[in-house]
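S.K.: Mind having a look at this structure? Questions to follow.
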Amino acid sequence: IVDRRRGIYPFFPSLTSSSERRKTKPKTHNTQKRVKNAIIIIIIIMSSTPTKSSPPSSLAPPSPPPPPPSTLNIVMLYMTLLGIGAIGGYGAFHVLFHERCHQIMHATETRHKASREELRKKYVSALEGQRQCMSDTSIKTELHQLQGKLEAQNVLADKHHDLLSKQEDTMSQLTSATQEKDRLSQTLDATYQELERVQQSLKDMTRNVHELSVQKIKLESSLNKQVDALKQQANDQLLELRQVREEMGRCEHWSPIFQRQFLQAKDYLQTRSYQSCRMEFGKGPFQIEFALRLPDKPEESSILSVELFPLEELPHTIHVFLTLIHMHMYDGTTFFASNRAQIEGGSPDYTQDPNKSIKLKERYAKFGFLPSSDEHENSDNNNHNNARGVLGINEYSTSFPHKEYTLGLSGRDQAGPGFFVNMVDNSSSKAPLDNKGDNLHVEPAIGKITKGHGVLKRIQRIPKKSDGYQLEQMVLIESVRLIR
């Protein structure tokens, strides 16, 4: 039980100070006094009980017998004895318990003092060892090394902590990647199923394509026969038209019947050319792009853009020109001549490689655009100006004359395949002769330059040969393409 007034344990005096122990000595004398009082009371009670008297002497008269003890007295006696026993037992227990606790606390305090003294000695010994360690240089060095190792260990511990954090992040990423892998696996399975379905569809399509290929071969064979027949018919008509032109050139006056036949043939040729061009290249407007290599910068490709005039105005000329472009007949040719008024190029006679010229002429002859080498050598008139060109008839539109930066085909009788670029307004000098009212002896203007005027001026600045017209270094035409 805690004594709240003094904050001590009365039954454990070793836990208090000596002064408190002197003030709080157990009051054993009070208990002893109580025991003594109880014993006195018992003696008094016992002395008050009747006792047997000695036998009467012969001299005294006999006394009457004592009355028997009452029940109340007996009960009081027993109760008194029980109370005395209880008080005595409590006192004895209190004394013995106090003495035993005092012995235990004394032994504990003795052991505590011994432990404290032992710890003090160890502490003093440790201090002494520390002083010796601090005074020894080698030990200081070792201690410094140990401190360095401890710091390194701390750094490694931090790194270990960082690595653990990274490991956790990596595990999280690995978990996400595993989930993504599962998702992709499901997607892959679905893709495989879709692929199998597509493969089956492809097999069906392949079977259908094979059947269509067989039909295509049959149709192509039939179409080729029809095309060959149409080409032969067109060549026959073109040859007939050329013969008519030659006959017209020898005649001084046209008969009305002859003139009407020629105009009918011309209208027929223009109509067929317009229809063929619409089928092969569309209705226009057509955009052409020239890729050039100039001598001053041969590593760069310079671009010329040309927009052709409407197909309705020059159907035969534009159809033939687009056909030559589609067959790559201008690839590898050059711009070979220039003066103040025009720049000329595109002729198969002027290439940087003589073998290229021979191959181009053979191709022209193969497709019926130019006479073969034997036919050209055996012709009666072997003049280049009268050599047969690529056009069946020359067309000219008064709506599109030879203005500055326009493109035209060379040759007044039969133009092409060569072309020229008007660097000035040549409308008057290249106007139709119109001596017979046929507009045949004229070079057609077919388009206008929309991009590359600076490139043309650079070509004009290239030095000329002794004739003042042909260029010392020809400008290579890498390619000519139909853009739209």
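S.K.: Regarding the stretch 405-414, can at least one residue be identified that is closer than 29 Å to ARG458 by Cβ, at pLDDT 90 or above and touching a Ser or Thr at 6+ places or on another chain (Cβ under 8 Å)?
M.R.: yes
S.K.: Which of the residues spanning the stretch 442-454 are within 55 Å of the chain's Cα centre (by Cα) and under 15 Å from GLN342 (Cβ atoms)? Step through it out loud before you land on a result.
M.R.: In the first step, residues of the stretch 442-454 are kept if they are within 55 Å of the chain's Cα centre (by Cα); the result is 445-454.
The answer is ALA445, ILE446, GLY447, LYS448, ILE449, HIS453.
S.K.: Have a look at SER115, SER125 and point out the one that is open to solvent by less than 70 Å² (accessible area, probe 1.4 Å), on the phi < 0 side of the Ramachandran plot and free of Cβ contacts under 8 Å to residues at least 40 places away in the same chain. First the steps, then the outcome.
M.R.: Details: SER125 fails: open to solvent by less than 70 Å² (accessible area, probe 1.4 Å).
Of the residues listed, the single one that is open to solvent by less than 70 Å² (accessible area, probe 1.4 Å), on the phi < 0 side of the Ramachandran plot and free of Cβ contacts under 8 Å to residues at least 40 places away in the same chain is SER115.
S.K.: Just to be sure before I move on: is LYS436 surrounded by fewer than 20 Cβ atoms within 10 Å (Cβ to Cβ), of a type outside the set (S, T, N, Q) and modelled with pLDDT under 95 in the structure I sent?
M.R.: yes
S.K.: A further question on this structure: What number goes with the only condition from (1) polar (S, T, N, Q); (2) crowded, with 17+ Cβ neighbours inside 10 Å; (3) not in a helix (DSSP H, G or I) that THR317 does not pass?
M.R.: Just one mismatch for THR317, condition (3).
S.K.: Of everything in the stretch 385-429, what is hydrophobic (A, V, I, L, M, F, W, C), open to solvent by less than 10 Å² (accessible area, probe 1.4 Å) and part of a loop (DSSP other than H, G, I, E, B)? Give them in sequence order.
M.R.: VAL390, LEU391, ILE393, ALA415
S.K.: When only residues in the stretch 164-197 that are of a type in the set (D, E, K, R) and within 22 Å of the chain's Cα centre (by Cα) count, which is most open to solvent (accessible area, probe 1.4 Å)?
M.R.: LYS181
S.K.: Let me confirm something: among ILE139, ILE104, which residue is surrounded by 10 or more Cβ atoms within 10 Å (Cβ to Cβ) and in contact with a Cys (Cβ under 8 Å, 6 or more places away or on another chain)?
M.R.: After ruling out the rest, the residue left standing is ILE139.
S.K.: Let me ask something else. State the number of residues belonging to the stretch 320-374 that are more than 49 Å from the chain's Cα centre (by Cα), surrounded by fewer than 21 Cβ atoms within 10 Å (Cβ to Cβ), assigned to a loop (DSSP other than H, G, I, E, B) and among the hydrophobic types (A, V, I, L, M, F, W, C).
M.R.: Number satisfying all stated conditions: 2.
S.K.: Can you tell me how many residues within the stretch 444-484 are within 23 Å of ILE318 (Cα to Cα), open to solvent by less than 20 Å² (accessible area, probe 1.4 Å) and among the hydrophobic types (A, V, I, L, M, F, W, C)?
M.R.: Total meeting the criteria: 6.
The values are calculated or read from the model by the stated rules, or taken from the named source; none is laboratory data. Computed from a predicted structure; not experimentally measured. When we count neighbours, we look across all protein chains shown, and the Cβ atoms used for this are built from the backbone with ideal geometry, even at glycine. Areas reflect the complete protein model, heavy atoms only, side chains present, ligands, DNA and RNA absent. Shrake-Rupley method; radii C 1.70, N 1.55, O 1.52, S 1.80 Å.
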